[in-house]
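The values are calculated or read from the model by the stated rules, or taken from the named source; none is laboratory data. These numbers come from a predicted model, not from an experiment. Positions of Cβ are backbone-derived with ideal geometry, glycine not excepted, and every protein chain shown enters the neighbour counts. The protein model used for the area step is the full one, side chains on, heavy atoms only, and it has no ligands, DNA or RNA in it. Shrake-Rupley method; radii C 1.70, N 1.55, O 1.52, S 1.80 Å.
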Amino acid sequence: MDREAFGLLLGQVSVLDDVQRETLCRVLSDQDPGAEVAALVDGAGGQSRSCPRCRSDRIGAWGQAHGLPRYRCKACLRTFNALTGTSLARLRHKDRWLGFAAALAQATSIRKTA
């Protein structure tokens, strides 16, 4: 990129909104938003994780799927992750969740969010 195009790019950074700035920072720092969301979701359960089906606390690690660690209940032998049984369980595009959450917090319309 030449100096003139780079100067133009820097001039446009000042007119970005907060969500766009966060996205730009994430791209420049090479962070994977999906991994960041997975870490937040998995950390939300804390150490008191239990089976969402039988409520047993006898669980063990059982691999990983879609960026989230999976667990297996030793009582009912079913597997689950931190999202099982929640309203977020079958949502896709985890890499977009933080941007959508920021837009919701700012009460941005759906059209502007898209």
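Okay, here's what the table says:
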quantity: Projected-area average for the chain over all orientations - Cα convex hull basis, square nanometres; calculated: 9.5 nm²
quantity: Estimated vicinal HN-Hα couplings, Hz - the range 86-101 in sequence order (Karplus 6.51, -1.76, 1.60; Gly, Pro = x); calculated: 10, 6, 8, 4, 10, 6, 10, 6, 4, 5, 9, 4, 5, x, 5, 5
quantity: 0 to 90° range, to nearest 10: angle between helix 3-13 axis and the chain longest Cα axis; calculated: 60 degrees
quantity: Carbon and sulfur %, accessible surface of the chain computed with the full protein complex present, 1.4 Å; calculated: 54 percent
quantity: Cβ-derived FRET efficiency at R0 22 Å, Gln12 paired with Arg111, nearest 0.05; calculated: 0.50
quantity: The chain - accessible surface per residue (Å², probe 1.4 Å); calculated: 76 Å²
quantity: 0 to 90° range, to nearest 10: angle between helix 18-28 axis and the chain longest Cα axis; calculated: 80 degrees
